[in-house]
Structure formats: C-alpha cells, structure tokens
Amino acid sequence: MSKVSTQSAARVSPPSPAEVTRPRAVSVAAPKASASWGERLSGLARELAALRTGRADGGAAHTPVAFKQGILVDAEPDRRWAHADPRFDQVVHVFAQEWFGIRSAAAYLPGRKLAVTIERPLWPVEKSAVLAAFREDRPSHVVVHTYGENLAVIARLLRRKLGARVFGVWHGSSAQFHLDHELRAFGSMLDLRHDGTLDGLACVKPGMHLLSDQIHRNVLLNYPPKLPAPPAGRDLRGAALVPLPVDWRKNFHTNVYAAAAEPRCRTIYVTSRSTRLRQVPLPRQVVELRHLDRPSLFEILRTIDISLNATLSECQPMVALESLAFRVPCLTGPLALGELDRHPYQRLAQVAGVDTLTELRAAVSRLLDLRERSVEELSQMMDDYERLLLAEGADRLGEFLGL
Amino acid sequence: MTTRRRVCLVTDELYPFTPGGIGRLVHNQLLDNRARGDPVEMHVLVPAGVDVDRPRMAAVFGDAARLHVWAFEDPVAAQGPDDAPEAPASAFTSCPEHAQSRRLLQVLRAMERKGLVFDVIEFPDYRGLGFCSIQEKRLGGAFERTEIAVRVHGTLAMIQHFDYRPLSRELLAVMDLERKALLDAERVIAHLPSVVAAHTRLLGLPEAWASHVTIEFPPVLSEKPPAPPPPPRVRDLVFASRIQEVKRPDLFIRGSAEFMRACPGFKGRAVLACSAPDPAYREMILGLVPPDLRRRFAVAGGGLERDKLLASGIVVVPSDYESLCLVAYEAAAAGGVLVLNSACPAFDSASPFQEGKNCCKFDGTVQGLERALERALHASTPLVSIPAPEAPYWERPAPAPARRSRAPSKARVSVIITNHNLGQYLPETLASVAANDHPDVEVIVVDDASTAAVDRPLLDRIEREAAEPGSRVRLLRNPVNRGLSASRNRGIREAKGDYVLILDADDCISPAYIGLAARALDRNPEFDVVVSTAGFFRTDGDLARREFFDYATFIGDCPSLGLVENRFGCATAVFRRSLFDELAYDERMPAIEDWTLYLRLAHRGRRFLVTNDVHFFYRRRPGSMSAQALTAAGRAHLIDRMIERHPDALPRGVRLGALMHGYPAAGAPPAPPPAPSIPLRYSLADRGNEVLKIVPPAHLRAKETLNGWLAWGGPPREAPNEVWGTPNWIPGTPKPVRYQLVDTLNALLKSKLPILHPLLKDALAALGR
C-alpha cells in the first residue's frame, strides 16, 4: 500500500533555499487510526523536528532539512499558466522539477503535469504514488521533456502499468553537443526511441531530424504562458530586462552594453552577477536582481519596456514567449522557425548580428521607436503573432502525438 | 515453439586469442555446442584487453558464439534502483577485483535491461569476478530469470597452497571474494569429484557445499584426434605445462636428471615445451639442471613442435594442483606416454587416468618420479579412454530454487535505534525508516541515558507516541549509561520481529533497504545477515541529494581478511533475530563491537549478503565515535582484544598468515602528526566574530554586507590548496565570510605594504598571547 497519498504528493512543494537554511515550524496533525505505520512514523519525525527547532539550544548546531518531494502531480505552478485544449486532456507531460526553462515550457502546454526530481532516485512509494495519481484518469499519451534517469523510469512505469503511449521531446540543439552531459542525454533519448520505450521523438530546434531518422521531422513549438488577459498597452517606463546567465553562449555582456547604449533604457535589470572591471565597468543603469522565480519574473515583465535575449545559439527561448504574453517585445537571435519568422513581429524582434553591439543597439532602438510611436500597433502585432503561434503549436503537437 | 536457451561465459582467456588452459576449455565448449547442433545460443564476455574482435571471433567460431567486450571504467552518475545510488569504482578499496566484479555486474545488468536476458551466466572461480552479480541475484535485484554459475578452475586461494605469493590484505580480500563466489553461487561446476574434495579440504568449504556441486566432464578435445603415430625409437621426457611453482617444473628437472643417471641406456632428452611468465623463475628452474646434463635438457617453443613432442614423448605432469589438465588429455589422445603426480586432484583414482593401464603415477617426490619414468620407459603405448563430454548443464532448465518469488516479505522487522545524546538527528533517522514501504515494522528506540537538553523533549514525545494504542514505536530508557553494545542487546531482547535492523540515531537508511533485506532473507534461508554498501554524508542536504563524500564497500563473511580488517559490513545491518539466541554484541568492547560480532558469526559459518547499491547512509559529524581520534595504538589494542577473546577455534580454511598483516604492535604507537596550525588572522577573525555576536542584529548585518561585497569583487570562496582546518571550517567547504575578509585584507597588506606585514603580524601575535 502506498504511504504517500496523491493529494499530499501534489500539495507539497520542494523546499525553497530559504526553507533549507531556516528552521521552519511544522504543523502536525494527530495520527489517524487508519494511517499506515510509515505515515504515523513520518508524522512523529516531523513533530520531533519541530520540537527540536523550537528550542534555542536544540536546532543551533544542526539544521533539519526534509527529504525533497520527488514527484509533484499537477502542481499549482505547473497548471496556473497552462493553456487549455480538450484534445490534450489525456496527455501527461513529465519533466524535471529542477530544469527551470524546460519546466516552464512544459508547464504552459495543454495537458496534465508531472514534475519529477532529478536530484535523487525516486523512492518506491513515490512510484506507487504516480500510479495512484493516474490510475483513475489514465493518460493516453505521456510526453517526456528531455532525458533524465527518473524521467525514463516514470515513462517506462506509465507505459507498462497504465498502457500509455510515450513520446519524447528534446529541448536542446546540436550546438550544445560540446557539453558531454547534453550529448549523453541526447544519446540516451535516442536509445529510448530505439529500444521502443518512446513511440516518437521530436525536438524544438529545427533540422534535428538530420541526425536520426527516428526524430520527428516537424519541429514542435513552445507555448507562451496563458494569462487571464493580456496587459493593456502603457507608456514607456525606461526599463529593460536581461535575464541571462553569464556565459559565452548566452551573450550576457553584449545584451547589457547594447541596452545601456540606448538612452531610453534608464534601468537595466539583470539576473546574473558579473565581475566588475575598472576599465569597462558595468553600466550605471544595471540593477542586479537575484534569481527570479516565475511569479517574480512576471512581476518584472509588467514593469519593463523591452527584454533582451539575443543569445548566440537558442532553440525557442522561454523569456521571449513569456515577454510575448505580457506584450513586451523581446530581442532574440535567429530562430529559424520558417513561416513564423516572416511574421512582422518576428522580423522586428530577431537580430542577425547578436554579438555586435551596434546591431543589437539598433534593434533595441527600432523596437522602442515603434513602442513609443504606437503601443497599440505593437500590441496588435504581438496579439496576432501569439494567435498564430498557438494555433500552429497545437497543430504540430497534435500531429506529433497522433491526436 | 520453444526458444533456444542463452548462455554467457565470462572469461578473460579465449583460445586462440590468449594462452592458457581455461581459454582452451572455453574454445572447446563453443565448438562442442556447435557440434551438438547449436542447442544453446552461446555468448562470450571478455575484458577489453583480450586481442579479439568480432571479425576475428567469426573467423574462428563462425556463428557459434557472440562476442561481448567489457571495459573497466568508473561509471558516470550511475544510479541503482530504488533510491540507492551506486558506489563508484574508487570506493572498492578492498582489492581491484572487487571493483571489477562490480563493473561486470553493471555490464551484465545493462545487457539485461536492453533485453539480452541469459538463462545462464557462468563465471570462472578465480579472482571472484562473479561476486557482485551473485549477491545481486540473491538479493533479487537482477537476473531473476538467469542462473548464475561458477566453474571451478583454480582460485588464487587454492593455488596459494602450492604456489606461494606474498600475502597482503589485497590478496586476502581476493581470496575471500573467491570463497564467497564459490559458496554463494546458485550452481558450481567442477570437472572431477576429487577437485571438489580438495576445495572442501583446503579452503574449508562445508560438506553441504560439496554435495551440491555439479560434476560435469567437459569437452577436453576440440576435434577427433588422428590415429596415434607409431611409437618412436627414443622418447623424450616432456614437460608441457607452464614454468610456474604449482606446475612443479623443479620436480620435472630433478626427477629427469636422476632418471638419466639411473638409466644410462636412456638416450632421450628432457624438454620443457611451455611458456614461462616469470623470467627470473625460469632462470632459477633452468639453473637446477646438473652441468654435465645440460646438453640433454632443452627448451622448445609451442605450436607444432609442442604437438609433436606430446605425441612422441613421455609427458610428465608433476603439478600439485590441476582442476582438469587438458595437456594430459591432449598427450593421451596424441599417443604420448603419461607420467602423472597422483597427489594432484585431477589424477586421482576416480579420473580416467589409471596407474599401469594408461599412465604411470608417482607420489610427488623426486624418487617417485624417477621410478615412474623407469616404468614409463618400458610401457606400451597407452590407451586412455577419454570420456565423451556430457550434455552441459546449461542445456537443461535451472532447478526450482533459481526461480524465486518476488512477492514482498511478510516478515516483521524490528528496527533498533540506539541513542545517546543524538536526539537532534533522530527526526531524519526516523523519517528514513518511515520512508520504507515494508508492511510490518516495529521501531524500538533505546535511549542510553541521554543528558543533552535537546534529547529530553524528543524522548518524552516518543514515549507518548509509544503509549498510544496501535503504536509501532517503543522507547526503552536505560537508567544509567550502559554503552552501545548493551543498549543494542537490550533492544534485540525486546524485539518481536523475525529480523532486526540495527541503526544508530544519527544515521539513515534508504527507503528500499528494509523490504529488500527482508525479501532476501526470506528467499535465502541459508543466509543470516544483509549488509549494505555505505555512503558517507555530512549534511542533510547532501543526503537528500545523495551526494556522498566517501563510501565503504564490503565482502560480507570474509573469515580471513576479517581477522585484520572489517570488510564484513558497517554497524547497520539486517539480521535474523534468531542469531542473537547464540551470540550478542560483546558488552566489554568499547568500540568495534560490530566487527567483533561479525567475526564471531563468520567463523561460525554464518553467511552474509552484501548489497551493491548504497542503502546505508552514514553521517560523519564532529564528535562521532569514528571521528573521535582512535589512535593507531588504541585501535590495535581493540583488535588485539577482539582476537584474544575470540571464543571459537579458527575454522578450517582461514589464512593464519592474515594475522601477520594486522595493525602495528599495540605497544609502539607511531608519533602523532603535528597539530595543524591555524593562521593568526583566522584566530583574530574568530575573536572578533565572538565579540560581534554579542549584538546579534549587528552580527547578521555585518555578515550580509560582507557577503555582498565579497561576492562582487572579493576573493574566491574556496581555497582548495589549503589543507588545514579550524574548529569552524572544514577544508573543501566554503569559507566563513570573516575568513574571506581577513584573507583579502592580508593579501592587500602583503602586496601594498610588504614591510609592514611581518611587523604587524608579530605585534598581533604578541597581543594574542
């Protein structure tokens, strides 16, 4: 018998860093007579932890950390901004809790959600809880987003026990193959396709089918988050966002300096720290934010005029899609999405010379000019692009899954 | 329609790609299978060092066998089942063979996961390479449909009786691995009953083991031999084994020389037609030839010349130990006259070789060999009736015990948690037990008179829980501190379970451990203990991420190595409760009480199962018993005490030489290492910190400010080249911010005011004093 009920698995979210480092109060209900010995002992353990941390001399030397919840079924952050589409009601998306971007991509898609930790192997009780969660409302299709050992375990479990068809989506590109772990993970995904664990494998980067005839030819499209209503157009506030890590591929510095070269960007929010160099200091306008979780990012998007995500290699950046939902233009590098690239909004937002400051600054100015001149025109353009993207995205996902 | 059974032979010898009799035997087995109409799909798994690939394999064997190659490499981020990570190869410090055995398990398990399921996997006995796979099968973790077999060729433990090599802890570990593989395998195959008897006698294996060994005569010839040539006028004396101590080339040379002197009419030569892996030993052996007879002794190569000598010579096999000896059969088939050492198990009276009928035997002495050669000189051409190979066991389905139920165990398991002032860790320990899904568990917390303030409310709460109706938790409070052994014994006495799990209050177990161990003991009634590979962690965060900074790997019952090193298991293990009716933890042992118990159990023939995956998580914390300085001398005293008080006679097969490899003499402790010095600037920073802590908000504010400043432009947060530690900082972990600050100031001072730096340092040091 499973000790972890589906409800509790879905409700408990992983501890935030603050929770990890700070003692927290734990409320413990009285043990129920019907509870299994494991549930009852867990309750006792939690209560003892609370007793320990409640004492001034008890918790000082040792900080308790709960075991991280390994599975989250239809967790609130994974449902809140998802698009609804009855065609995909029987689809379950399986993804890693810890991969922020891929989790966002999966979270906005229509269908049910299963977030799995990749930080440790899954416990038997957690596997049982997954089965319990989907036994009533059996999924017809499972979509595994990128390779992880636990994700493969879950995929096999759902296929074997519940008879679901299993599909994989690779959220990377061949440009990342210099990273051993990316290459290995991609290889493992292909192995799953070859050994029949996956009924299909698709990518979000065009052209990956050239690597294997087992890869679906048509590229899948990431969705923007679903908001209750798109924000109304508003005046410029003189703020830009560069939510990029500091690495070569992500091109952090070019984005920051290009934004700084545009006088209308009086505040530039960044999410990474960079070493200060006396000769080329980071611009005065830079305001460093700590890591943004999704609600915080959305708060920032409500207050800025433009976001910059012009990286040297990219599939379909989530920041651009999240900006789109808030009708904030976002600069990106070339995405090679075919017809979609020819949409007027994309022609403004995509920059060819992403590593050239002048090119990038010109693109920033171009978008801000349009926004200044007619915020309505820009909003309508983005409305239209979002409609096109969602319709095309649903068609492609349906075609891939055979729905 | 039935599918063909599938067999995998694990070997590192394969004729014609490697030398060695075992490779010839595998070669013969593959060809025999083909000659029998391919009743079985044969696979061969060889290490990467063997010079063979699929085209070369196909050229020799056609489609008679499929080749697989395994490489020894540290697996990358390997993950075992059920939340139990795999230990990396570097954790297998007992001996390299243990890690190789682990790697072989990974390779075979990967094959199984890919759908290549074998009906039989057969390992050779030497080096214990089957150990990990056999344990995994017994534990129910893999190979559910596969029978794991071990074939007796010649273990290092056996050869050591005849071919001494310097004993070391590593060699002891290999010998105990070999012993475990032979004992624990589902099936053991030997070619002759006399070889089984030799193992029982010399390795101390139980009679029950011998009665279950499958005796099967293998295909000793790869093809039907041609008719023997007519006897030559003069036969040479031929030694065709290998120049190695166990093969007794010394006996051949001395006996042949004596024979030449005793029979001046004999005009033949004495020829060594064999390989010599050790050039120094070869020189020593050739140096035994009397100078006046040197012209009559020759060294020949292999190949055709050797074949010719086997057919025409008097072939002498003086070996002390052979499990089969293909050379003797090859020579017999080719027409050679055989002179065999009757003390060798392969040539006893139950073998096809019969004194006076088809060979001449001698008693293993020089004189005996000389007389046997005299008889052989006048013997007629022998006719050894070589038995036809039997249908191999792998053509028949495994007996029922090889296919066991995977149903969950219904046994009750008592978890005995001993606590002494470790209450602060108890919640995690209990939570880790609670995460197990075994249906019937009772938890007994034995508190050994804890005095820490934090323990009291926790124990009171456990006591209230224990008083609740239907509670599975019990609390036993020792009125006075009795010590760890006595506390465990008390818990065990109160336990109602069929099995008991011993756990310390600061350690944790995997969610699968209890179920796995209970199932394994259910399935394997001949085993009494399940021990786990251990992962060492420092913080709960590390544990949650399964990030271990070290591991401990075990062999289980290792009666020889166990005299000097605890490779039995860690303190946490699952035992049959009934074991403690005859034994208990020795309450006089202040430490290594677990080792003491394991040694006694092993020497009484109790058997252990060892998990390959990490199911036990050991917390390394300041002040733990193992972290507390047990000096080498103190440890040696404890081991002395353990051995001296050993209640039983040493069982047969235990290597007494092990005792030569224990700890340094207890009376002569080595000089302790110099205490690490703490830099002055850190001492000052610590003092400043203490002062600042008087006003906690100011302390917090200062810390946050410094953190921000250092993150932007300060020094790196880690200094891996620094090896000393302070009470507040463990090297390898991020430095406290105050240390980073004084490091920065120190570097600044050194670079800007190099003259002032030493003066200031001296002044501050004086102030500090």
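The values are calculated or read from the model by the stated rules, or taken from the named source; none is laboratory data. Since we're looking at a predicted model, the values are computed, not measured. Methodologically, a virtual Cβ is constructed for each residue, glycine included, from the backbone with ideal geometry; neighbour enumeration extends over all protein chains shown.
Within the range A:97-129, the set of residues being within 14 Å of chain B (Cβ to nearest Cβ) and aliphatic (A, V, I, L, M) comprises A:116, A:118, A:122, A:125, A:129. Once the range B:539-560 is narrowed to residues that are surrounded by 21 or more Cβ atoms within 10 Å (Cβ to Cβ) and aromatic (Phe, Trp, Tyr), the residue that is nearest to the other protein chains (Cβ to nearest Cβ) is B:548. All told, residue B:467 falls short of being more than 7 Å from chain A (Cβ to nearest Cβ), within 41 Å of the chain's Cα centre (by Cα), surrounded by fewer than 24 Cβ atoms within 10 Å (Cβ to Cβ) and farther than 19 Å from residue B:510 by Cα.
Taking the range A:131-151 only, how many residues are surrounded by 20 or more Cβ atoms within 10 Å (Cβ to Cβ), within 14 Å of chain B (Cβ to nearest Cβ) and of a type outside the set (Gly, Ala, Ser)?
The total comes to 3.
Right, residue B:208: at negative phi, assigned to a loop (DSSP other than H, G, I, E, B) and not assigned by TED's automatic domain parsing to the domain that holds residue B:365 or not? For residue B:208, the condition - at negative phi, assigned to a loop (DSSP other than H, G, I, E, B) and not assigned by TED's automatic domain parsing to the domain that holds residue B:365 - is not met.
Across the range A:168-207, the qualifying residues are those that are more than 21 Å from the chain's Cα centre (by Cα) and more than 14 Å from every other protein chain (Cβ to nearest Cβ), and the one among them that is nearest to residue A:109 (Cα to Cα) is A:200. Only one of A:310, A:261, A:320 is in contact with a Gly (Cβ under 6 Å, 6 or more places away or on another chain) and either more than 14 Å from chain B (Cβ to nearest Cβ) or of a type in the set (Asp, Glu) (or both). Can you tell me which? Only one candidate passes the filter, namely A:310.
Within the range B:118-143, being hydrophobic (A, V, I, L, M, F, W, C) and either within 14 Å of another protein chain (Cβ to nearest Cβ) or part of a strand (DSSP E or B) (or both) holds for B:120, B:121, B:123.
Residues in the range A:347-358 that are without any contact (Cβ under 8 Å) to a residue 40 or more places away in the chain and either charged (D, E, K, R) or closer than 13 Å to residue A:317 by Cα (or both): A:347, A:349, A:350. The lone criterion from (1) without any contact (Cβ under 8 Å) to a residue 40 or more places away in the chain; (2) in contact with a strand residue (DSSP E or B) (Cβ under 8 Å, 6 or more places away or on another chain) left unmet by residue A:130 is number (1).
If only residues of the range B:154-193 that are of a type in the set (Asp, Glu) and part of a loop (DSSP other than H, G, I, E, B) are counted, the one that is surrounded by the most Cβ atoms within 10 Å (Cβ to Cβ) is B:186. If the condition is being of a type in the set (Asp, Glu) and within 11 Å of another protein chain (Cβ to nearest Cβ), then the range B:501-517 contributes only B:506.
Checking the condition assigned to a helix (DSSP H, G or I), away from chain A (no Cβ under 14 Å) and out of contact with any Ser or Thr (no Cβ under 6 Å at 6 or more places or on another chain), which residue from B:520, B:534 passes? Only one candidate qualifies: B:520. Just to be sure before I move on: is residue A:282 touching a residue at least 40 places away in the same chain (Cβ under 8 Å) and not aromatic (Phe, Trp, Tyr) in the structure I sent? So residue A:282 fails the test. Residues in the range B:423-456 that are assigned to a loop (DSSP other than H, G, I, E, B) and more than 10 Å from chain A (Cβ to nearest Cβ) were compared, and the one that is nearest to residue B:503 (Cα to Cα) is B:448. Against the test of being of a type in the set (Gly, Ala, Ser) and under 20 Å from residue B:603 (Cβ atoms), the options B:185, B:190, B:157 yield a single qualifying residue, B:157.
Filter the range B:510-532 down to the residues that are surrounded by 24 or more Cβ atoms within 10 Å (Cβ to Cβ) and within 10 Å of residue B:607 (Cβ to Cβ) and list them by number. B:529, the sole residue that qualifies. Based on this model, can you work out whether residue A:84 counts as among the small types (Gly, Ala, Ser), more than 14 Å from every other protein chain (Cβ to nearest Cβ), at negative phi and not in a helix (DSSP H, G or I)? Considered against the rule, which asks whether it is among the small types (Gly, Ala, Ser), more than 14 Å from every other protein chain (Cβ to nearest Cβ), at negative phi and not in a helix (DSSP H, G or I), residue A:84 comes out as yes. Somewhere in the range A:9-23, is a residue within 15 Å of the chain's Cα centre (by Cα), modelled with pLDDT under 90 and away from chain B (no Cβ under 14 Å)? No: zero hits.
Considering only residues in the range B:110-155 that are among the polar types (S, T, N, Q) and in contact with a Phe, Trp or Tyr (Cβ under 9 Å, 6 or more places away or on another chain), the one that is nearest to residue B:218 (Cα to Cα) turns out to be B:155. Any idea which residue in the range A:216-236 is surrounded by the fewest Cβ atoms within 10 Å (Cβ to Cβ), counting only those that are more than 21 Å from the chain's Cα centre (by Cα) and modelled with pLDDT of 85 or more? The qualifying residue surrounded by the fewest Cβ atoms within 10 Å (Cβ to Cβ) is A:217. Tell me yes or no: at least one residue of the range B:618-637 is under 27 Å from residue B:519 (Cβ atoms) and modelled with pLDDT of 85 or more. Yes, the range B:618-637 contains a residue that is under 27 Å from residue B:519 (Cβ atoms) and modelled with pLDDT of 85 or more.
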